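Only the coordinates and a few stated rules stand behind these numbers; no lab work does. Computed from a predicted model, the values in this text were never measured in an experiment. Every residue, glycine among them, receives a Cβ derived from its backbone with ideal geometry; neighbour counts consider all protein chains shown.
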Amino acid sequence: MPSIAGIEIEPLIGGDRKRQGIVYDKWPFRLDIDTEYQDWILISACVLVLGIWCLPCICGKLTSRTGRAFSAFVYKRLHTFFLLATYFNVFILLFTLGILPDWTVNEFVVYLVGFIDWVFVHTEKLITSFSILFCFYLLWRFRHRIALATGLEHITLIRFSWRDLCGFGRRQRPVEVFIWKVKGLQSASSKLTKPNDLFVECHMGYNEPMRTRVHNNAGSEAVIRESFQINIDENAADALMTLLVKDQSLLANSEVARVTLSTRELCGIEDQTGKRRSTFSYTEDSFLELTLSPSGTIWLAVAPVDEAMGDEETKLLLHSEDSLLPC
């Protein structure tokens with residue numbers, strides 16, 4: 001039977017033995033306790049050793065006068081401090097290993113090297129993960145500039161916002177955008193000998209892209225005289241509507257000019273051209289002239305849409321059409 005200090009120990013079931021606590025078979029003593037507790041004691045000693053080595057940095061961050069005085073004293077004698085701290089830490093580790101019967105110096109070195117290797121391996125994975133997350137953060141942080149550089153700033157790729165996630169309702173209502181004409185446009189870069197074939201394309205938030213018909217051989221100006229309806233969210237005052245004046249070509253459409261309006265500006269145009277006028281006509285009094293970029297102008301008007309009135313008109317139209325059908 002195994003014995004400690006001449007005392008025979010009866011083994012328990014599973015090969016374990018009874019622990020005797022503090023025994024004095026070796027100087028000064030040994031802690032004959034469960035291996036799990038010995039491991040925690042050794043880990044605590046390693047943390048203490050690491051804290052002693054980092055003591056100048058820790059004290060330098062303290063706000064107390066004593067800590068700052070100690071840091072100022074040590075920083076002038078760092079070589080002496082680390083030499084003494086190293087001897088003291090070696091003594092702490094050897095003393096701790098000496099009082100733990102289930103640990104030896106060789107085992108500690110093997111586990112220490114294995115732990116350092118584990119830290120390096122997982123640090124590499126951690127750095128890789130943080131690098132990927134940082135790249136995603138940069139993409140999110142500069143998404144508007146990236147979209148502007150790629151020419152996709154007016155296109156909504158994902159129809160989702162934080163308002164949908166948090167459950168905030170949208171105050172959406174329909175408006176009708178009227179386009180009268182465009183003037184003063186430059187020639188498209190893809191057209192050398194042929195006039196522009198102009199049409200207008202609209203992009204805004206969750207709305208599907210809308211286009212007018214193509215005006216062939218329009219050149220630098222065209223009378224559009226078309227309208228389309230979109231939904232605007234008054235809670236999202238900074239949402240942008242982009243009107244693109246494009247030229248239709250054989251393979252791909254090219255942009256000639258554009259204008260960008262926020263929801264706030266769109267509501268301002270609606271207040272000037274739609275809400276305050278009882279009659280509407282394609283004249284300069286009913287439209288607002290906006291400057292296009294890089295050149296040209298567009299005449300725009302915005303009016304609110306009464307959905308209830310629209311439904312009644314649709315019913316009347318269907319009823320009148322049905323009445324004309326032969327029996």
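With 0.36 nm allotted per residue and the present C-alpha distance subtracted, the residue 193-residue 149 stretch has 12.9 nm of extension available. If R0 is taken as 56 Å, the Cβ-Cβ distance between residue 118 and residue 279 corresponds to a FRET efficiency of 0.10. The convex hull of the Cα atoms of the stretch 192-274, projected and averaged over all directions, covers 6.2 nm². Spherically averaged projected area of the convex hull of Cα atoms, the stretch 60-109: 5.0 nm².
Between rounded, prolate and oblate, where does the stretch 40-137 land on the alpha carbon gyration tensor, with a ≥ b ≥ c its root eigenvalues, rounded for a/c under 1.5, else prolate if a/b exceeds b/c? In terms of gyration-tensor shape, oblate.
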